1. So, in nm, how far is label Ser61 from label Thr88 when the simple model puts each one 7 Å beyond its Cα toward the Cβ?
2. Taking 0.36 nm per residue of sequence separation and subtracting the Cα-Cα distance, how much length would be gained by fully extending the chain between Asp175 and Glu117, in nm to one decimal?
3. So which trypsin sites (Lys or Arg not before Pro) in the range 58-118 are both in a DSSP loop and have at most 11 other Cβ atoms within 10 Å of their Cβ?
4. Give me Leu76, Leu161 sorted ascending by neighbouring Cβ count inside 10 Å, so fewest comes first.
5. When N counts the residues of the range 131-183, how does its alpha-carbon radius of gyration compare numerically with 2.2 N^0.38 Å, as a ratio?
6. With Rg and the Kirkwood Rh both taken from Cα atoms, where does Rg over Rh land for the range 61-115?
7. Quick check on the exposure proxy: order His132, His95 from fewest to most C-beta atoms within 10 angstrom.
Amino acid sequence: MRTSRSLAAAFVVSAILVAPDVAGAAGAAAPSTSSETNQQTPSSNPKKSHVKKKTTNDKSSSIEDFVAGYEAAYALIYDKGDYEAAITALRALDHDNNPDVATLLGYASRKVGRYDEAKVWYERALAADPNHAVTWWYYGMWQAEQDNVLKAKDDLEKVRLICGTDCRAYQVLKDTIDGTVTY
């Protein structure tokens, strides 16, 4: 079992490195890990640094740690409904500009009634990836909860343009706007 778990983890990391946007657009539990979403900044001093350079193994381990932390936070949200713990876990990842992380932070904030914070997180996610279907879906849900149906319909159209009418993001947001489901 351990071997199959290791293979699955290696597959997830490989898939993320090869196609990071696919996971986010599909609403998968695995986050994108593109370097542009990493919040770490290089030292402003080009002189000698006391920081040890990361090797390839360190980078791989860092990605694996990030994915494991993200998956744990994802499970706190969707399996346990523990939104406060998920917010803490997501913030600890120190990747707030990653669109998948920011989207989950928005979702968890919305679920605990912190609507202003949720809006900030959704907008941050969209600044990082304007074609993130799940963010538009969740932001549309936020709009619907704020009784802003026209804006929710705009967000639904953005989801349609990104993933069509057969994707879950479109279907659930449409059903919410139509009043046939709550999420």
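1. 2.6
2. Extra length available between Asp175 and Glu117 comes to 18.4 nm.
3. Taking the range 58-118 and a limit of 11 other Cβ atoms within 10 Å, the loop trypsin sites (Lys or Arg not before Pro) found are Lys80.
4. The most exposed by this proxy come first: Leu161, Leu76.
5. 0.94
6. 0.95
7. Listed from fewest to most nearby Cβ atoms, that is His95, His132.
Every number in this text was worked out from the coordinates using simple rules, so none of it is lab data. Here the structure is a predicted model, which means the values were calculated and not measured. Every residue, glycine among them, receives a Cβ derived from its backbone with ideal geometry; neighbour counts consider all protein chains shown.
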